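Read through the structure below, which is laid out as structure tokens, and then see the notes.
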Protein chains: 2
Amino acid sequence: MSTVGKAVSLLELFTLHEPEIGLSDLARRAGLDKATARRLLMALAAHRLIEQEPKSRRYRLGAGLSRLARIRDAHFPLVRLAAPVLRELSLETGETVHLSEFSAGALLTLHVELSAKANRVNVDVGQVLPLHGTASGIAFLAASRLEAVSAYLEKPRQAFTAFTMTRQDDLVKAIALAASRGYSRSAQGYEEGVHSIGAAILGADGQPIGALAVASPVSRVDDAVAASQGEAAVRAATMISARLTGEA
Amino acid sequence: MSTVGKAVSLLELFTLHEPEIGLSDLARRAGLDKATARRLLMALAAHRLIEQEPKSRRYRLGAGLSRLARIRDAHFPLVRLAAPVLRELSLETGETVHLSEFSAGALLTLHVELSAKANRVNVDVGQVLPLHGTASGIAFLAASRLEAVSAYLEKPRQAFTAFTMTRQDDLVKAIALAASRGYSRSAQGYEEGVHSIGAAILGADGQPIGALAVASPVSRVDDAVAASQGEAAVRAATMISARLTGEA
DNA sequence: AACACCGGTTCAAATAATGAACCGAATTGG
DNA sequence: CCAATTCGGTTCATTATTTGAACCGGTGTT
């Protein structure tokens, strides 16, 4: 791997649940020598992509990332453009709606509009969703190029609940169904008791860049409700895609 | 410079005003060979820190940055904790208030609370403020370690208006005054017609991490108003510092 | 038609990255 | 309480990666 790739791998070791990591730990997990890891961290720190807590000497992500992310968000305003549409979809369906963007083999939750109901699904911004096992992921795959789907299906998949689809032929069927009707449906594939309807959001080149999903308690959804949520989700996703590519 | 440093330099070429850049341009501005720039861009793109517009083949910042920035923001919630305090300060003073974080030798504007008045100062999120010539910067320097200030004062400074302080002894005086009373004052040092009061925000180790500022049209500020804005700004900055370090 | 510049590629030469061993200081645990 | 780990950090000969001049083919411009 390139030196740059190794440096970025170090950045990717930090998560919501583990935002500060020590040198030896970082080196071990990245599969790098301690000296190498430190040199890379210093290079990143010089540009404020990494900071070091002076007391504990542990490392954390730096302010430069916030700066770069803001520049990107201003130019590629997925969240800004999608937020009102998501809000409307949430009001229309009465359920929690969340938006995610594809990044590094998974979907990253960027925005959430919570249902007003007491019994609702809660989703965290920043949560990383696997492509299999979530409605958003299946919708994303269904809109992806065939070669990308094939490549993804070759790798092993983790089961999150007893309902998670991990077998390749099951996934192929689910993806085909989602592709044919425009939205995906997933019951308890990622978390027990959660039913989701997903729809892909497309970029200017027609390739999917992310997805949105309507998430409900399973008890509240039957086939009719799912169908109406699906149509609403597709409308919303289409609207967001259009706004992104500069249309109306 | 390290390979990693060069790669990050490429990222830093993108700005709010120029969010997409072509290969030759990037190489030229970074002082790199075209082939080198491309290899670095590919390494960054593999981790989604860079994306390439398929049509124009120009490069832009990638979604991975948004992801990393969100992880950092969740753990180091300067904006989240500061926002309500800034809002209150804006209401109290009736003026525009903005928050900035130190990054790579300058202050990066992270959040703005606009005045409700028709004649107000407008500030953009993402704007980069120089340490000299802005009230925020002087306040930041006044709270910094002496060696950091000295190092900064050695480098040449740009004048933005006819009022920008660029002479070293003027700056030393302004910094000393700000240090003694807790807030800084700057009139038209960065933009004509704008008067600002700045106060530094400190991290857990007592070192400054950023600053806030109250920005008003010069016509609305006399010494008495400046003094009351200064006291309010110091109170707000202290409150934010305390929240950041875990206190009430 | 000639020119200039674009994004992208190649490969021998040059340079930067690497990691085992080592240091002193905290922690840990028997 | 002392010995054994483990920590963050450093060194320097070895090694592997990065580098860039030259070269594509393509796309406007003149």
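The values are calculated or read from the model by the stated rules, or taken from the named source; none is laboratory data. Not measured: the values here are computed from a predicted model. Note: ideal-geometry Cβ built from the backbone for every residue, glycine included; neighbour counts use all protein chains shown. Accessible surface areas use protein heavy atoms only, side chains included; no ligands, DNA or RNA. Shrake-Rupley method; radii C 1.70, N 1.55, O 1.52, S 1.80 Å.
Listing for the model above:
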item: Set A:R87, A:R28, A:R60: member being within 30 Å of B:H17 (Cα to Cα) and open to solvent by 60 Å² or more (accessible area, probe 1.4 Å); result: A:R87
item: Failed item, numbered, when A:L41 is tested on (1) farther than 21 Å from B:L41 by Cα; (2) modelled with pLDDT of 90 or more; result: (1)
item: Test: B:R70 is more than 16 Å from DNA strand D (Cβ to nearest atom) and either touching a Phe, Trp or Tyr at 6+ places or on another chain (Cβ under 9 Å) or within 7 Å of chain A (Cβ to nearest Cβ) (or both); result: yes
item: Only one of B:A143, B:A176, B:A215 that is in the same structural domain as B:L99 (by TED's automatic domain parsing) and more than 17 Å from B:L99 (Cα to Cα); result: B:A176
item: Flag for B:A45 being away from chain A (no Cβ under 12 Å) and either open to solvent by 20 Å² or more (accessible area, probe 1.4 Å) or outside any helix (DSSP H, G or I) (or both); result: no
item: Those residues of region A:39-54 which are without any contact (Cβ under 8 Å) to a residue 40 or more places away in the chain and more than 9 Å from DNA strand C (Cβ to nearest atom), in sequence order; result: A:L41, A:M42, A:L44, A:A45, A:A46, A:H47, A:R48, A:L49, A:E51, A:Q52, A:E53, A:P54
item: Search result, residues across region A:163-199 that are part of a loop (DSSP other than H, G, I, E, B) and farther than 19 Å from A:A215 by Cβ; result: A:T166, A:R167
item: Residues of region A:119-143 satisfying the condition of being surrounded by fewer than 16 Cβ atoms within 10 Å (Cβ to Cβ) and at pLDDT 90 or above; result: A:N119, A:N122
item: Residues of region B:1-38 satisfying the condition of being β-branched (V, I, T) and more than 9 Å from DNA strand C (Cβ to nearest atom); result: B:V8, B:T15
item: Scope region B:144-202; condition exposed (fewer than 15 other Cβ atoms within 10 Å of the Cβ), touching a residue at least 40 places away in the same chain (Cβ under 8 Å) and over 19 Å from B:V221 (Cα atoms); matching residues; result: B:R145
item: Top-ranked residue in region A:15-25 [being more than 8 Å from DNA strand D (Cβ to nearest atom) and open to solvent by 40 Å² or more (accessible area, probe 1.4 Å); ranked as nearest to A:K55 (Cα to Cα)]; result: A:E18
